[in-house]
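Inspection log for the structure reproduced underneath, given as structure tokens.
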Amino acid sequence: MRSGNPHLHVALLFGVLVLAPSLLLGALALRHDAARLGVVALLLVVGLGAVLVLIELRRAARLTRLKTDFISSVSHELRTPLTSIRMYSEMLDVGGEEVSRDERARYLKTMRRECDRLRRLIDAVLDFTHMERGTKRYTFEYEEIGALVRSVGEDFREQAEAAGFAYRIDVGDDLPEMRVDADALRQMLFNLLSNAVQYAEDERDITLRTVLGSRELALQVEDHGIGIEPRERERIFRDFYRADDARVHGGVGLGLTIARRIAEAHGGRLVVDSVRGRGSTFTAWLPLPRADDTVPQDRATGTDDA
């Protein structure tokens, strides 16, 4: 539901507040009980309308605040890598031949890492836009799920270990082939791993694992970070949402939203088990294939439409 025109809401609320006392005085002046009951009923309806207007105004204000925070966060997340890229490029330019081979390699490596960071941010915003419009399409193909998860884990290893994490990959050898969108699952796992790095505390420990059940496969990312309050465990999956104590850690509030939507697009679900101050475990439960499984045509062969 759209928030509508807030100025119209204010006008309606003002009219209600002006009209209600007059109606109440009129009801008291009437002699007939039926007339009084009618006016009282009208007052109740008007009062309910006022409450609904207030709720809608509050919702509109919340959405405006979330969008403002999102724009601010995206601006910050773009500025940080751009500043780093510019700084190292200027160091290469000014240093010239005096920059050693090792320093040059380190600068270029950092610049590539920051470029990847920019690409992931832009991809996240674009993917979310497609999801909101209903134009996001997935290409489902049979994949060796164990190899896919290991590949994502190894690709992330350098980032985790560079940040000082003890990093473990625990992927079973007996995992079946599954019909999935490999790129989407990579993005989901990368979002969960990035989230674990982002909200780390002193105990810097991350585990990526798989757990094979009778009907489902669990893809888990476990950390020992700040943890999540019980009241926040569903809110963190909302669009643009970040818990108050998580704002200092950066991010734009889309990673978990996108990860959950990807899990749901595969017929699964994404849940979190967390203890405040001790860490969190995010688990994507994906249904195992059956002999009669089919994938809807619009999901199996579609492409991302602008």
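The values are calculated or read from the model by the stated rules, or taken from the named source; none is laboratory data. The structure displayed is predicted, hence computed values, not measured ones. Every residue, glycine among them, receives a Cβ derived from its backbone with ideal geometry; neighbour counts consider all protein chains shown. Side chains included, ligands, DNA and RNA excluded: accessible areas come from the protein's heavy atoms. Shrake-Rupley method; radii C 1.70, N 1.55, O 1.52, S 1.80 Å.
The listed residues are R242, R204, and the only one of them that is under 30 Å from L78 (Cα atoms), at pLDDT below 90 and either over 13 Å from the mean Cα position of the chain (by Cα) or not aliphatic (A, V, I, L, M) (or both) turns out to be R242. Remark: pairs (first residue in segment 87-113, under 18 Å from Q159 (Cβ atoms); second residue hydrophobic (A, V, I, L, M, F, W, C) and surrounded by 11 or more Cβ atoms within 10 Å (Cβ to Cβ); Cβ separation under 7 Å; 6+ apart in sequence or on different chains) = Y88/M111; Y107/M91; Y107/L92; M111/I85. Against the conditions (1) open to solvent by 70 Å² or more (accessible area, probe 1.4 Å); (2) under 15 Å from S280 (Cα atoms); (3) not charged (D, E, K, R), I226 satisfies every one except (1).
Residues being in contact with a Ser or Thr (Cβ under 6 Å, 6 or more places away or on another chain), at pLDDT 90 or above and open to solvent by 70 Å² or more (accessible area, probe 1.4 Å) are represented in segment 154-168 by at least one member. Tally up the residues in segment 161-189 that are of a type outside the set (D, E, K, R), under 15 Å from R209 (Cα atoms) and in a helix (DSSP H, G or I), please. So the answer is 3.
For segment 140-164, the tally of residues that are under 22 Å from the mean Cα position of the chain (by Cα) and of a type in the set (D, E, K, R) stands at 1. Please go through segment 106-122 and give me each residue that is exposed (fewer than 13 other Cβ atoms within 10 Å of the Cβ) and acidic (D, E), ordered by number. The one that is exposed (fewer than 13 other Cβ atoms within 10 Å of the Cβ) and acidic (D, E): D116.
Pairs are defined by a Cβ separation below 6 Å, a sequence spacing of at least 6 or placement on different chains, a first member in segment 209-236 that is within 18 Å of S194 (Cα to Cα), and a second member that is assigned to a loop (DSSP other than H, G, I, E, B) and among the aliphatic types (A, V, I, L, M); the pairs so defined are T210/V171; G225/A200. Of all the numbered requirements in (1) in a strand (DSSP E or B); (2) free of Cβ contacts under 8 Å to residues at least 60 places away in the same chain; (3) not aliphatic (A, V, I, L, M), T129 misses one, and that requirement is (1). If only residues of segment 191-201 that are under 16 Å from T283 (Cβ atoms) and in contact with a helix residue (DSSP H, G or I) (Cβ under 8 Å, 6 or more places away or on another chain) are counted, the one that is surrounded by the most Cβ atoms within 10 Å (Cβ to Cβ) is L192. Which condition from (1) in a helix (DSSP H, G or I); (2) open to solvent by less than 60 Å² (accessible area, probe 1.4 Å); (3) modelled with pLDDT under 90 is the one that V149 breaks? Every listed condition holds for V149 apart from (3).
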